[in-house]
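Note sheet for the following structure.
The values are calculated or read from the model by the stated rules, or taken from the named source; none is laboratory data. Keep in mind that this is a model prediction, so the values were computed, not measured. Note: ideal-geometry Cβ built from the backbone for every residue, glycine included; neighbour counts use all protein chains shown. Areas reflect the complete protein model, heavy atoms only, side chains present, ligands, DNA and RNA absent. Shrake-Rupley method; radii C 1.70, N 1.55, O 1.52, S 1.80 Å.
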Amino acid sequence: MDVSECMRTKLVLAKPDCDYKRLLCKIADSVPRLAYVVDDNYKLLGIVSAVDLLKVILPSYMSVGLARSFSDGTEFLQKQVERVKDKRAEDIMVKKFSFLHPHHQLLKADAMIAEKGFNTLPVIDEKGKLLGEITRLDILVNLVNNCSDYNVDDAGLVDLSLL
Amino acid sequence: MFWTATSIFLVAYALIISEKIHKTKVAMFGAALTLITKVLLQDEAFNSMDLGVDWNVIFLLISMMVIINIMTKTGVFQYVAIKCAKVAKGEPFRIMILFAIITAVGSAFLDNVTTVLLLVPVTLLIAEQLEINPIPYLITEALASNIGGTATLIGDPPNIMIASKAGLSFMDFIFHLTPAIIIIFLFWMLAWKVLFGKRLHVREDLKKKVMSLQENEQITDSALLKKSLIILGFTILGFMLHGFFHYEPATVALMGAATLLLVSGEEPQSILAEVEWPTIFFFIGLFIIIGGIVKVGLVEDMSRAMIAVTNPQPQDMTILAMVMLWFSAICSAIVDNIPFVATMNPLLIDMIHKIYGLQSGTATAEHIQHMAMMPVWWSLALGACLGGNGSPIGASANVIVVGLSEKAGYKISFTQFLKYGVPVMIMTVFLAMIYIYVRYYLLKWY
């Protein structure tokens, strides 16, 4: 089975000059929490995840140890959020990323995701144009539905706040 | 053979200076070429005291790295830094001075790079809390690490190499170099007081932010901290007494590292994986390349040239000591001081043979540590270590500080570092020159 057969094609896209707040809104509305930064020809330039947005808030020197030295870090964090508001997608995005081509076998996607611990991989054509994405769950659902006797249905969510 | 060894040496040096290829790759490939061309035989490279790898240096470095790797896990450095900022009551200039002192002391007994790696993040945090530019603080810490590292045998790799080659003990360094460094440090701090004393002021509410930081939260493992401090204390005591008990410093360090590894409960795999193996293999490669040029006689030629320039006499080597000090300082600002000292060590040994009219390889500790020769060894150590302040690439600590600062959004340009580094280098080397001249040639206090 090819990657093209089970990739998602509805993606969150952003331009390189998209600002931090807009990026955050885009990502907050999406599953998986990713935005693909593309140029006018949909060539993939980079990827921004929720982790990247969080990382950019924290200064590079901040460690778990140093974070413990604050009794209340709220003011510090507010200052950092203020500092990053002018950041653009091109400043935050990960520029080196792994990817798949649509003709790749699902097995390769499965191996890459398992080996490197990715959650999602973009699918691009030979010229770098973004075509879609494939997630761990997509692969899993496809594998189970095609290779076993049972289908994966929605297990349903439990709202713990109602308990 | 002469031209083969010379070519390997020159090309390796050029590549190390250019930084086009990682220095460890260059040193290892140069060493492999030295062996494959039979400039140096493998037996000589691994077993000869005069031509081969100095295992005393290698094991001392590895052992100290193991001790430091375990100690850093306790959070003690961050604790001390935050405590100092609070002791300074958030006053920016006092913080600068105290951070310079802890960097210098840390670098004297531990590793320069590790010391700055641990202090830079705390400095950036404190600077952010005080809303001040961290760059003067960060450059001060880089300079302090190079100055402090000069004070002891274990403070900086050039000292470890010089001690091993010249058979000098930890206490020799304490007796001869530590006073020089204390004087130099005091003068430097006075200069800093003039430069920064009246410029650094912050609002009271910002000082309160620093005072609210919780230093105790930095200690992650107090049991391990106690064990580490006890074993580090015994190791330093061992260094002080190694000459008396006729142990090499590497034996003392190995004992400390092995004991700490044993009682720490840490997995050896993770601790040993954190040893800076590229640095260790850089040393091994360098020793083999230098062994090659010693064997073919290039070092002997360089030694003749140095003798012609400085005209040393068996009882008086004043000019040689002064030339060595400035030459080492200038070279170390441009070249990594490790290959520089690796080259100068055999050169000085060869000069000793010529000055005292000895057959090759017959110099004893009596000649190597001759009263007239000692100021030359101290000049080499002072020049090579203090010279590292002369440029952002002059010492590993400088490179680390510049890199971390840039990553945090504070770019330190080459010229910006020079603005601080060059005057400090010139001032400290000049003070070292006065120290050497007054102590050894005026007061005759050997």
> What's the carbon and sulfur percent of region B:94-171's accessible surface, probe 1.4 angstrom, rounded to a whole number?
Replying inline: 68 percent
>> Tell me whether chain A comes out rounded, prolate or oblate; compute the Cα gyration tensor, take square roots of the eigenvalues as a ≥ b ≥ c, and use a/c under 1.5 as the rounded threshold.
In response: oblate
> On average over all directions, what projected area in square nanometres does the protein assembly as shown have, based on the convex hull of its Cα atoms?
Replying inline: 35.0 nm²
> To the nearest whole percent, what portion of all C-alpha pairs in region B:11-151 is separated by more than 24 angstrom?
Replying inline: 50 percent
> Mind checking the log10 I(q)/I(0) for region B:348-406 at q = 0.29 Å⁻¹? Debye, one equal scatterer per Cα, no solvent, two decimals.
Replying inline: -1.09
> Volume per residue, Å³, of the convex hull around the alpha-carbon atoms of region B:196-329?
Replying inline: 267 Å³
>> Once you place label points 7 Å from the Cα toward the Cβ at B:Thr364 and B:Lys419, how far apart are they in nm?
In response: 5.7 nm
>> Once you order the gyration tensor axes a ≥ b ≥ c over the Cα atoms, which shape class does region B:1-74 get: rounded for a/c under 1.5, otherwise prolate or oblate by comparing a/b with b/c?
In response: oblate
> So what's Rg/Rh here for chain B, counting alpha carbon atoms and using the Kirkwood radius for Rh?
Replying inline: 0.97
> Listed here are the pairs B:Lys23/B:Lys411; B:Lys73/B:Lys227; A:Lys21/A:Lys87; A:Lys21/B:Lys209; which of them are more than 19 Å apart at the Cα?
Replying inline: B:Lys23/B:Lys411; A:Lys21/B:Lys209
> B:Val11 to B:Trp277: extension gain in nm, 0.36 nm per residue of separation minus the Cα-Cα distance?
Replying inline: 93.5 nm
>> Run lengths n ≥ 4 of DSSP H only: what is the helix-derived mean residue ellipticity at 222 nm for the protein assembly as shown, with -39500 (n - 2.57) per run over all residues, to the nearest 500?
In response: -20000 deg cm²/dmol
> How well do other chains shield peptide A:76-82, expressed as the mean number of their Cβ atoms within 10 Å of each residue Cβ?
Replying inline: 1
